[in-house]
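Read the structure below first, then the notes.
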Amino acid sequence: MPGLDIVADPVRLAVARHLGGGAASAAEVARAVGIHLNTARAHLGKLVDAGVVARENQPTGRRGRPVVRYRLESDWTPAGDDLLGLAQLMATALGGTRARMRERARRWGTRSANAAPESVRADVRGMLRWLGFEARVEPDELTLTNCPCPLASPDRPALVCGLVDAAIDGALQDGGLVARARRHDPIARRCRMGLAPA
């Protein structure tokens, strides 16, 4: 699994967060995260395969199998610049009232998309890819998948979604389009909105 997708699953993210406090056995992870031991082992296996977690045998000093402990790889970071665009948007917009943040994000979207009437859809798609989304722009609908908002802010993804919405508004404005009927699903990491002439 590439980049952040390995920890996009909420259970794997909880497992990785627990291991951030130090090495643990599969049983300790299962208890801490509140999942069945076999489920913990499956998620730990995926994290090991992705190079996020290391598996180590710890001798017990007694006969029998050593205890298997898992720890986060100290040098693990997501591949590529998975959240660089979103971090740039958030750094530009955050601070002040919600309305002020949205206005800054809207201006950021206008600048980032370089919108022109004949290419606004392509510019919006490019901007959204830079933010970490997979975007499909149809004549009357914009569909976003691989949403990074719950990865950037697991406790408040709606805040990040609001900034992205404002950036989309800014990117569309010079092309004579507006987004309507927005439907966000941060758990499924999928958003959809209608597109209409301004």
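Every number in this text was worked out from the coordinates using simple rules, so none of it is lab data. Computed from a prediction, not measured in an experiment: that's the story for all the values here. All Cβ positions, glycine included, derive from the backbone under ideal geometry; neighbour counts span all protein chains shown.
Think of each Lys and Arg Cβ as +1 and each Asp and Glu Cβ as -1; about the Cα centre, that makes the dipole of the chain roughly 760 debye. Taking the Cα centre as origin and putting +1 on Lys and Arg beta-carbons and -1 on Asp and Glu beta-carbons, what dipole magnitude results for region 84-197, to the nearest 20 debye? Computed charge dipole of region 84-197: roughly 320 debye.
Please find, in a Gaussian network model of the chain (springs between Cα atoms separated by less than 10 Å), the residue of 113, 167, 23 whose mean-square fluctuation is greatest. Looking only at 113, 167, 23, the biggest GNM fluctuation is shown by 23. Placing +1 on each Lys and Arg Cβ and -1 on each Asp and Glu Cβ, with no other charges, gives region 151-198 a dipole about its Cα centre of roughly 240 debye.
With unit charges on the beta carbons (Lys and Arg positive, Asp and Glu negative) and the dipole taken about the Cα centre of the chain, which residue among 171, 64, 40 sits farthest to the positive side? It is 64. Over all orientations, the chain has a Cα convex hull whose mean projected area works out to 12.7 square nanometres. Rounded to the nearest Hz, the phi-derived 3J(HN,Hα) couplings of region 143-157 under the Karplus curve 6.51 cos²θ - 1.76 cosθ + 1.60 (θ = phi - 60°) are 10, 10, 10, 6, 4, x, 4, x, 7, 6, 8, x, 7, 9, x, where x marks glycine and proline. Simple spin-label estimate for residue 182 and residue 62 gives 5.7 nm between the two label positions (7 Å along the Cα-to-Cβ direction from each Cα).
Each of 148, 97, 122 was placed along the dipole of region 84-197 (beta-carbon charges, centred on the mean Cα), and the one lying farthest toward the positive end is 97. Backbone phi angles across region 47-59, fed through the Karplus curve with coefficients 6.51, -1.76 and 1.60 (θ = phi - 60°), yield HN-Hα couplings of 5, 5, 4, 7, x, 7, 10, 9, 9, 10, 8, 10, x Hz in residue order; Gly and Pro are listed as x. What shape does region 84-197 have by the C-alpha gyration tensor, where a ≥ b ≥ c are the square roots of the eigenvalues, rounded means a/c under 1.5, and otherwise prolate means a/b greater than b/c and oblate the rest? Note, shape of region 84-197 comes out oblate.
Taking amide hydrogens as placed 1.01 Å from N in the peptide plane, the amide H of residue 195 sits under 5 Å from those of 141, 142, 180, each at least 5 positions away in sequence or on another chain. Give me, ordered by chain and number, the residues 5 or more places off residue 73 or on other chains with an amide H under 5 Å from its own placed amide H. Counting only residues 5 or more places away or on other chains, the set is 53, 54. Each of the peptides 134-141, 150-157 was scored by the mean count of other Cβ atoms within 10 Å over its residues; in descending order, highest first, they stand as 150-157, 134-141.
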